[in-house]
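J.: Once you've had a glance at the structure underneath, I'll fire off some questions.
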Amino acid sequence: MTPPATRSRSGTAALILATAAEIIQLKGYSGFSYADVAAELKITKAALHYHFPGKAELGEALIAAWAARFADALAALDAAGGPALARLHGYIDLHARILGKRRMCMCGRLAAEYQTLPAPMRAALVKFFDHSQVWLEGSLERGQSEGTLRFASAPRDTALLIISALEGAMLLAGPNGDIERFNATVTSLVSALHGP
């Protein structure tokens, strides 16, 4: 998944969102400023404020854009059909592709700073992870019915475990994109969930 540009925004606003997303993926929310974005795009901070009045509004727009792209990616996995294990691998691959670009899941990066974020951003993050959890629950239930996935906990708890494992593996891989650490986690995760 590439840095997001929303469906409804174009031109300068879309460039601002894409650039801010890249910076946050590397530095986090507290580590970036409008000055960083302005310098990268060679525009004035006033131009940034024209499109996004403040950092909190930009943060909300970033989460909304990221969530929309992630939802589209999950919808594409749904449309492709196939067994639950293939859906699970598709979900994991979304994270691997981000890490392959030496980036973090933006919402995972923001979640690490959850307590310091403005309330609307916190609410948007919860909604993002809730959507992923519900999607995974459905895939896990399907896998259980097919006999291709096995797990002892409830699908909801197992979905949370998968999200936590992938986001944590991305954090451990770090900015140098240590894909081997990520792959080791993925291998253990899939092995634990794969049916006999």
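The values are calculated or read from the model by the stated rules, or taken from the named source; none is laboratory data. The model shown is predicted, which means the values in this text are computed figures rather than measured ones. Positions of Cβ are generated from backbone atoms using ideal geometry, with glycine treated the same way; all protein chains shown enter the neighbour counts.
J.: For residue 102, work out the one condition from (1) in a helix (DSSP H, G or I); (2) under 15 Å from the mean Cα position of the chain (by Cα); (3) modelled with pLDDT under 95 it doesn't fulfil.
T.: (1)
J.: If you check residue 59 against the conditions, is it out of contact with any Lys or Arg (no Cβ under 8 Å at 6 or more places or on another chain) and surrounded by fewer than 18 Cβ atoms within 10 Å (Cβ to Cβ)?
T.: no
J.: When the stretch 50-60 is examined, which residues are found to be under 21 Å from residue 105 (Cβ atoms) and either touching a Ser or Thr at 6+ places or on another chain (Cβ under 7 Å) or not hydrophobic (A, V, I, L, M, F, W, C) (or both)?
T.: Answer for the stretch 50-60, where residues must be under 21 Å from residue 105 (Cβ atoms) and either touching a Ser or Thr at 6+ places or on another chain (Cβ under 7 Å) or not hydrophobic (A, V, I, L, M, F, W, C) (or both): 55, 59, 60.
J.: Suppose we filter 124, 165, 75, 79 for residues that are surrounded by 13 or more Cβ atoms within 10 Å (Cβ to Cβ), part of a helix (DSSP H, G or I) and out of contact with any Asp or Glu (no Cβ under 9 Å at 6 or more places or on another chain); which single one remains?
T.: 165
J.: Residue 132 versus (1) crowded, with 18+ Cβ neighbours inside 10 Å; (2) of a type in the set (Ser, Thr, Tyr); (3) more than 30 Å from residue 56 (Cβ to Cβ): which is the lone unmet condition?
T.: (3)
J.: Would you point out the residue of the stretch 168-191, among those that are surrounded by 14 or more Cβ atoms within 10 Å (Cβ to Cβ) and not in a helix (DSSP H, G or I), that is farthest from the chain's Cα centre (by Cα)?
T.: 178
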